[in-house]
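Since the structure comes first, as structure tokens, the remarks are kept for the end.
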Amino acid sequence: MKLLALLLAIALPTAVAAGAPADPAGSRPPPAVDSVRAAGDTSIAAHLIQPEQLALALKHPGPHPVVLQVGFKVLYRSGHIAGSRYVGPGSKPEGISALDSTLRAVPKGQRIVLYCGCCPWQDCPNMRPAFLEARALGYRNVDALYIRKNLQEDWIAKGFPMREGEP
């Protein structure tokens, strides 16, 4: 099992870098990804979720994940995932500081989903620093929303819940 987790940890970043989604079926991570999570892997590739997965989680009653936008304010103002909170760009010190402040009020066991949506996944400057910061603060139930191209195409155009303007 440990060998499988190690192989997956090596293979997933390569697949994501090539533009392939971690979960092509769009449902739930394969069992091997759960093994990597259990091993405490801090690789963002082991913690990707698809837009369809998040939309489904937000649709169902019950506890929802804390959804944080770690991109640029202009994008958040023009339209964002319903119920999400703006934190700030993960690529900037002020965004990381805002993420730290926001997370202080979130219990360590709470599920957190980070997203940006500014550009294609492989070019996003914000996701990796924000994800690594959340993990460094001790949050283990952190997922990164895999937005292949941008928020418009991968979320809004699919009719998933969104809100325009500031909350």
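How many nm separate the modelled label positions at Asp123 and Gln152, each set 7 Å beyond the Cα in the direction of the Cβ?
About 1.3 nm, to one decimal.
For a quick check: with amide H placed at 1.01 Å from N, whose amide H comes under 5 Å from Tyr86's, ignoring anything fewer than 5 positions away on the same chain?
Gln69
Quick one: which residues, 5 or more positions from Val113 or on another chain, have an amide H under 5 Å from its amide H? H modelled 1.01 Å from N in the peptide plane, none for Pro or chain starts.
Placed amide hydrogens put Val66, Val67, Leu68, Asp143 under 5 Å from Val113.
Quick one: which residues, 5 or more positions from Leu48 or on another chain, have an amide H under 5 Å from its amide H? H modelled 1.01 Å from N in the peptide plane, none for Pro or chain starts.
The list, which skips near neighbours in sequence, is Ala144.
All of the numbers you see were taken from the coordinates with simple rules; none came from a lab. Quick caveat, the model's predicted, so the values are computed rather than measured. Glycine also receives a Cβ, built like all others from the backbone with ideal geometry; neighbour counts cover every protein chain displayed.
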